[in-house]
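Reading through the structure tokens given below for one structure.
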Amino acid sequence: MNNQMMNQGFANNIEPQINVRFIDDNNEEMVLKFGIYRKTTKLFEKYLMNKYNEINLRDYKFSFEDNKELIPGCTLEQNSITNNSIIRVKTKNNLIRLIFDYDGKKNILLFLEESTSVCLAIIYFLFELGREDLILNLITNELPFYFIFNASQINIKSKETIKASFGNFAKIAVRTAGNIIG
């Protein structure tokens, strides 16, 4: 193989594909082939379109390896999903309403399952805001936002459930560094 052919192979960056198995509430299985460097959210969307002809991620809970929560904004590889991994899909029940008041200008309403962690709720907020690019900043505590509930700042990395943290309903103030009053 000459150098030019080798360079073209590396330039194309062929992404490894894996099979991911989905099992739903009725024990029906679907297998999808997907690239390991693609976002987990895109895999979920592909599953929902193939299975239900819809893409409403919040109505379903996707779990992996004994109920481990998957981070939608990370890649399959970052979520430790490997070939023939099984993702269980459950229809969400017991939904809690969260209103994120973004700088007093925009309210984002989310209905999330009561067992959703506070951290995952913030990730869903970032998706709705169109700022998925900030998900990795969440890990390093470098988000340009303050999340405030009952006059206290929320621990954005909390694994506590939203039910335990907020009850059945919550209005969460989201403020940027220059606008923390409110």
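For this structure, a couple of remarks:
- The residue list Leu138, Leu134 contains one member that is in a helix (DSSP H, G or I) and either touching a Lys or Arg at 6+ places or on another chain (Cβ under 8 Å) or among the small types (Gly, Ala, Ser) (or both), which is Leu138.
Conditions tested, residue by residue: (1) touching a helix residue (DSSP H, G or I) at 6+ places or on another chain (Cβ under 9 Å); (2) closer than 16 Å to Tyr102 by Cα; (3) in the same structural domain as Lys61 (by TED's automatic domain parsing); (4) at pLDDT 90 or above.
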| site | (1), (2), (3), (4) |
| --- | --- |
| Ser115 | yes, no, no, no |
| Ile123 | yes, yes, no, yes |
| Glu132 | yes, yes, no, no |
| Phe145 | yes, yes, no, no |
| Ile156 | yes, yes, no, no |
| Ile162 | yes, no, no, yes |
| Ser165 | yes, no, no, yes |
| Ile172 | yes, yes, no, yes |
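- Test: Asn94 is on the phi > 0 side of the Ramachandran plot, in contact with a strand residue (DSSP E or B) (Cβ under 7 Å, 6 or more places away or on another chain) and not basic (Lys, Arg): yes
- Among (1) under 16 Å from Asn56 (Cβ atoms); (2) in the same structural domain as Tyr60 (by TED's automatic domain parsing) - the single one Thr75 does not satisfy: (1)
- Pairs meeting the criteria (first residue in the range 79-99 and without any contact (Cβ under 8 Å) to a residue 24 or more places away in the chain, second residue of a type in the set (A, V, I, L, M, F, W, C), beta carbons under 8 Å, at least 6 apart or on different chains) are Ser80/Phe64; Leu95/Phe111; Leu95/Leu112.
- For Ile55, the conditions (1) β-branched (Val, Ile, Thr); (2) surrounded by 14 or more Cβ atoms within 10 Å (Cβ to Cβ); (3) under 19 Å from Leu110 (Cβ atoms) all hold with the exception of (2).
- Looking only at the range 90-101, residues that are part of a strand (DSSP E or B) and touching a helix residue (DSSP H, G or I) at 6+ places or on another chain (Cβ under 7 Å) come to 4 in all.
- Which listed residue, of Ile81, Ile122, Ile108, is assigned to a loop (DSSP other than H, G, I, E, B) and either crowded, with 19+ Cβ neighbours inside 10 Å or hydrophobic (A, V, I, L, M, F, W, C) (or both): Ile81
- If you go through the range 63-78 and pick out every residue that is more than 11 Å from the chain's Cα centre (by Cα), more than 17 Å from Glu15 (Cβ to Cβ) and part of a loop (DSSP other than H, G, I, E, B), you end up with 3.
The values are calculated or read from the model by the stated rules, or taken from the named source; none is laboratory data. Computed from a predicted model, the values in this text were never measured in an experiment. Ideal geometry is used to build each Cβ from the backbone, glycine not excepted, and the neighbour counts take in all protein chains shown.
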